[in-house]
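Engineer: Questions regarding the structure given below will be posed in turn.
The values are calculated or read from the model by the stated rules, or taken from the named source; none is laboratory data. This is a predicted model, so every value here is computed, not measured. Cβ: placed from backbone, ideal geometry, glycine included. Neighbour counts: every protein chain shown. Just the protein is used for accessible areas: all its heavy atoms, side chains included, with ligands, DNA and RNA removed. Shrake-Rupley method; radii C 1.70, N 1.55, O 1.52, S 1.80 Å.
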Amino acid sequence: MGGEVRSGEDFQQMAGTEASCPSVGCGHPTLAFQGCMRLIHINGQAVNLLRVQQGALGRYQALQFDTCGIRDRCLPNHCEHGGRCSQTWSSFDCDCSGTGHSGATCHSESDVADFDGRSSLRYHFNQKSMSTVKDVVSLRFKSWQAEGVLVHGEGQRGNYITLELHRSRLALYLNLDERGHSVDDGLWHIVILDTRNQEITLTLDDKPAFTVQPWQQLEAQGDVFFGGCPSVGCGHPTLAFQGCMRLIHINGQAVNLLRVQQGALGRYQALQFDTCGIRDR
């Protein structure tokens with residue numbers, strides 16, 4: 001689209017698709033605007049587009065009147081559960097922050113938690129304890145930090161099991177045992193900690209699994225910590241994880257972060273839900 005309005009010797013450009021300031025009659029041809037305009041005023045006076053259309057005021061070329069090719073893609077609002085809609089020229093986006101949901105239209109229950117280095121999530125087992133002979137914990141995480149705890153559980157006799165980032169590597173501690181792979185790259189990683197069958201197996205992404213046989217059984221006292229073990233209520237306070245986790249599963253069952261956020265399942269501190277501070281680049 002391209003158009004112009006002339007008032008005396010003053011020239012005002014309206015819109016265009018090929019040249020906003022046309023090559024004929026314009027000393028500085030410019031890239032055209034693509035979009036819609038309305039309520040155009042010059043010195044407080046409205047530009048009468050009907051008179052422009054009738055040829056009584058100014059001239060225009062390739063310009064459509066009384067219509068706008070940009071659809072209001074947020075009406076109706078396709079974002080569910082209170083998500084905030086914004087649009088581009090050809091599509092719309094949903095901001096799901098604070099809704100407890102995620103996905104293109106905020107349709108799925110949220111599965112992301114953002115840990116800032118002071119955060120922790122304490123998950124309580126109902127009427128059971130975590131054991132090194134019968135439990136499987138899996139999650140996805142990403143971080144730019146070289147240190148921080150992913151999962152921590154403690155036994156009644158002072159022993160413990162910790163999965164953490166240590167010196168940029170994924171490390172498994174069973175009291176003093178340690179193994180690991182480099183993971184502080186800001187990318188999502190899948191980790192599975194399997195403590196069944198009298199052995200502990202650690203699997204990271206598509207790398208070969210690592211297995212150890214503990215010298216004694218660990219029975220966690222009904223709780224497992226994600227992201228850090230706080231000084232209050234934890235016999236082995238640890239350096240907190242800074243990064244994001246999602247798709248946390250225990251024994252094949254997803255940890256419902258919405259219920260955690262509502263205080264109905266476990267406890268948390270300084271934890272952000274529905275967002276991740278690490279951008280996918």
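Engineer: Say whether the condition of being of a type outside the set (D, E, K, R), over 30 Å from L258 (Cα atoms) and at pLDDT below 85 is met by at least one residue in the stretch 70-77. Break it down stepwise before answering.
Structural biologist: Step one: list which residues in the stretch 70-77 are of a type outside the set (D, E, K, R), which gives 70, 74-77.
Next, from what is left, pick out any that are over 30 Å from L258 (Cα atoms): 70.
Still in the list and also at pLDDT below 85: 70.
Within the stretch 70-77, one or more residues are of a type outside the set (D, E, K, R), over 30 Å from L258 (Cα atoms) and at pLDDT below 85.
Engineer: Step by step: first the residues of the stretch 28-43, then only those that are open to solvent by less than 60 Å² (accessible area, probe 1.4 Å) and more than 24 Å from S90 (Cα to Cα), then the one that is nearest to the chain's Cα centre (by Cα). Which residue is that?
Structural biologist: If we filter the stretch 28-43 for residues that are open to solvent by less than 60 Å² (accessible area, probe 1.4 Å), which is where we start, we get 32, 35-36, 40, 42.
Checking the rest, the ones that are also more than 24 Å from S90 (Cα to Cα) come to 40, 42.
Numbers: I40: 40, I42: 44 Å.
Selected residue: I40.
Engineer: Across the stretch 31-62, what is the number of residues that are in contact with a strand residue (DSSP E or B) (Cβ under 8 Å, 6 or more places away or on another chain) and at pLDDT below 80? Steps first, answer last, please.
Structural biologist: To start, the set of residues in the stretch 31-62 that are in contact with a strand residue (DSSP E or B) (Cβ under 8 Å, 6 or more places away or on another chain) comprises 32, 39-40, 42, 47, 52-53, 57-62.
In the following step, the residues that additionally are at pLDDT below 80 were identified as 32, 57-62.
Result for the stretch 31-62: 7.
Engineer: Step by step: first the residues of the stretch 101-122, then only those that are modelled with pLDDT under 85 and of a type in the set (S, T, N, Q), then the one that is surrounded by the fewest Cβ atoms within 10 Å (Cβ to Cβ). Which residue is that?
Structural biologist: The extreme case among them is S108.
Engineer: Listed residues S182, S131, S168, S138; which is at pLDDT 70 or above and either open to solvent by 50 Å² or more (accessible area, probe 1.4 Å) or over 15 Å from G227 (Cα atoms) (or both)? Give the derivation first.
Structural biologist: Working: S182 fails: at pLDDT 70 or above; S131 fails: at pLDDT 70 or above; S138 fails: either open to solvent by 50 Å² or more (accessible area, probe 1.4 Å) or over 15 Å from G227 (Cα atoms) (or both).
Result: S168 is the single residue among S182, S131, S168, S138 that is at pLDDT 70 or above and either open to solvent by 50 Å² or more (accessible area, probe 1.4 Å) or over 15 Å from G227 (Cα atoms) (or both).
Engineer: Considering only the stretch 83-100, how many residues are open to solvent by less than 60 Å² (accessible area, probe 1.4 Å) and within 15 Å of T275 (Cβ to Cβ)?
Structural biologist: The qualifying residues number 6.
Engineer: Further, regarding this structure: Looking at the stretch 150-157, is at least one residue surrounded by fewer than 15 Cβ atoms within 10 Å (Cβ to Cβ) and either part of a strand (DSSP E or B) or modelled with pLDDT of 85 or more (or both)? Before you say what the answer is, go through the steps one by one.
Structural biologist: First, the residues of the stretch 150-157 that are surrounded by fewer than 15 Cβ atoms within 10 Å (Cβ to Cβ): 156-157.
Retained after the next criterion (residues that are either part of a strand (DSSP E or B) or modelled with pLDDT of 85 or more (or both)): none.
The answer is no; no qualifying residue exists.
Engineer: With respect to the numbered conditions (1) in contact (Cβ under 8 Å) with a residue 24 or more places away in the chain; (2) open to solvent by less than 50 Å² (accessible area, probe 1.4 Å); (3) in a loop (DSSP other than H, G, I, E, B), which one is the sole condition not fulfilled by V52?
Structural biologist: (3)
Engineer: Among the residues of the stretch 231-250, is any farther than 25 Å from H101 by Cβ, modelled with pLDDT of 70 or more and assigned to a strand (DSSP E or B)?
Structural biologist: Yes; the residues of the stretch 231-250 include at least one that is farther than 25 Å from H101 by Cβ, modelled with pLDDT of 70 or more and assigned to a strand (DSSP E or B).
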